[in-house]
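So the structure is just underneath, and the comments pick up after that.
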Amino acid sequence: ICVVLAGGSMVFSKDANELVLAPIERMNAKVQRIQKDPLQAMKLGDEEYRMELKKKQKEKIRSKTFIERAKIWKRQGGQSEPLETVVLEKTIIKIGSLLALGFGEAGAEIIGSNMKGGDAGQANVMVPGKRVDAIFGFCAVRDFTTATEILQDKVMVFMNAIGEIVHGLVEEFFGAPNKNVGESFLLVWRLNGMGPEKRRKTVDFSVLSFCKVLAAINKSDVLGEYREHPGLLMRLPDYRVRVGFGLHSGWAIEGAIGSEFKVDASYLSPNVKLANNLEAATQVFNVSILMSNTVFFDMSLGMRRQCRQVDHVLFAGASSPLKLY
């Protein structure tokens, strides 16, 4: 009887560990990881996806023999639905990924502060803002109004194709896409706590990313199809997708803007407005990229040699004239 009881308890504890305790510990570890850095949720989702791919590949390799195929068929038939703990674990990752995707880097503090807890079940998104130093870049699509009138509901596909290029390359060069407003994308490179050398490299990366975006848009096969769009060519002869960029650095207040009904995690500062004005000025000077002297003098010497000064102007809202490069 003792042997039977001991064996039964061992089997029960093994099942309890595998099916209940281990998944709960994994879920707790993932929640703590997201709590410390909400943007890690995106990496967790990627890791989970890669693990599933590897698992499927292993099953394909193992299922070459008839016996193995029969075992997999039996296993899938005996348990057609995943365990509740597995579903819950994947749901946590998906919710975390959606929060990180929706709030972005500017909203990481909001997500983290709410996940740290408290007894209240209601989310408190109206947390105080904080001052940050950053490079602000605006990217705007030219002839957007005309494109919207002609493309109608397909304008979403058009803008998402551009957004995929812009966001992907900005992320690759250590920036963070913040928000999309009509034809414009706000892009941010945070400079807080950086030493002179790292700050110089980050500024260089911001300019390089915009140069890469310009090249990628011109080489894109997907966007190249719009050069032959009959509606666009009728209104805009020799049409091609064109974008303009404005870059300015300075301080801003990072936080939640809105109310308990709807919030956007973004930046408030005259410096953000100046970056937008610089992008608008690219059409006046007939250039693709304009940057202020605050960005220019933070760049490396090699990057400065690739730039030229085009004007010295006083923008509305600026305390002093800016040199434009």
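Would you mind working out the accessible area per residue for the range 178-255, using a 1.4 Å probe, and quoting it in Å²?
Counting only protein heavy atoms, the per-residue value for the range 178-255 is 51 Å².
On the protein heavy atoms, probe 1.4 angstrom, tell me the percent of accessible surface of the range 135-248 carried by carbon and sulfur.
With neighbouring chains kept in place, the figure for the range 135-248 is 53 percent.
Amide H neighbours of Ser288 under 5 Å, counting only residues 5+ apart in sequence or on other chains, H built in-plane at 1.01 Å?
Amide H to amide H, under 5 Å and 5 or more residues apart or across chains, Ser288 pairs with nothing.
Whole-Hz ³J(HN,Hα) for each residue in the range 297-302, computed from phi via Karplus 6.51 cos²θ - 1.76 cosθ + 1.60 with θ = phi - 60°, x for glycine and proline: what do you get?
Result, ordered by residue: 6, 8, 7, 6, 4, x Hz.
Using the basic label-point model (7 angstrom from Cα toward the beta carbon), what is the Asn180 to Leu88 distance in nanometres?
Computed distance between label sites Asn180 and Leu88 equals 3.6 nm.
So how much slack lies between Ser259 and Val31, counting 0.36 nm per residue of separation and subtracting their Cα-Cα distance, in nm?
Length gained between Ser259 and Val31: 79.5 nm.
Under 5 Å between amide hydrogens, which residues at least 5 positions from Leu322 or on another chain qualify, with H placed 1.01 Å from N in the peptide plane?
So Leu322 has HN proximity to Val313, Leu314, Phe315.
With a probe of 1.4 Å, find how much accessible area the range 260-325 has per residue, and write the answer as a whole number in Å².
Ligands and nucleic acids excluded, the result is 56 Å² per residue.
Listed here are the pairs Lys179/Lys219; Lys179/Lys273; Lys30/Lys94; Lys179/Lys262; which of them are more than 19 Å apart at the Cα?
Lys179/Lys219
For the range 225-262 and the range 158-193, what is the separation of their Cα centres, given in Å?
Spelled out, the Cα-based centre of one part sits 11 Å from the other.
Pop out the ³J(HN,Hα) list for the range 184-196 in order, Karplus 6.51 cos²θ - 1.76 cosθ + 1.60 with θ = phi - 60°, rounded to Hz; leave Gly and Pro as x.
10, 10, 9, 10, 10, 10, 6, 10, 4, x, 8, x, x
Quick check: from the Cα gyration tensor, does the range 187-292 come out rounded (a/c under 1.5), prolate or oblate?
Judged from the Cα gyration tensor, the range 187-292 comes out prolate (a/c at least 1.5, a/b above b/c).
The values are calculated or read from the model by the stated rules, or taken from the named source; none is laboratory data. Here the structure is a predicted model, which means the values were calculated and not measured. Neighbour counts run over all protein chains shown; Cβ positions are idealised from the backbone, glycine included. Only protein heavy atoms, including side chains, enter the accessible area calculation; ligands, DNA and RNA are left aside. Shrake-Rupley method; radii C 1.70, N 1.55, O 1.52, S 1.80 Å.
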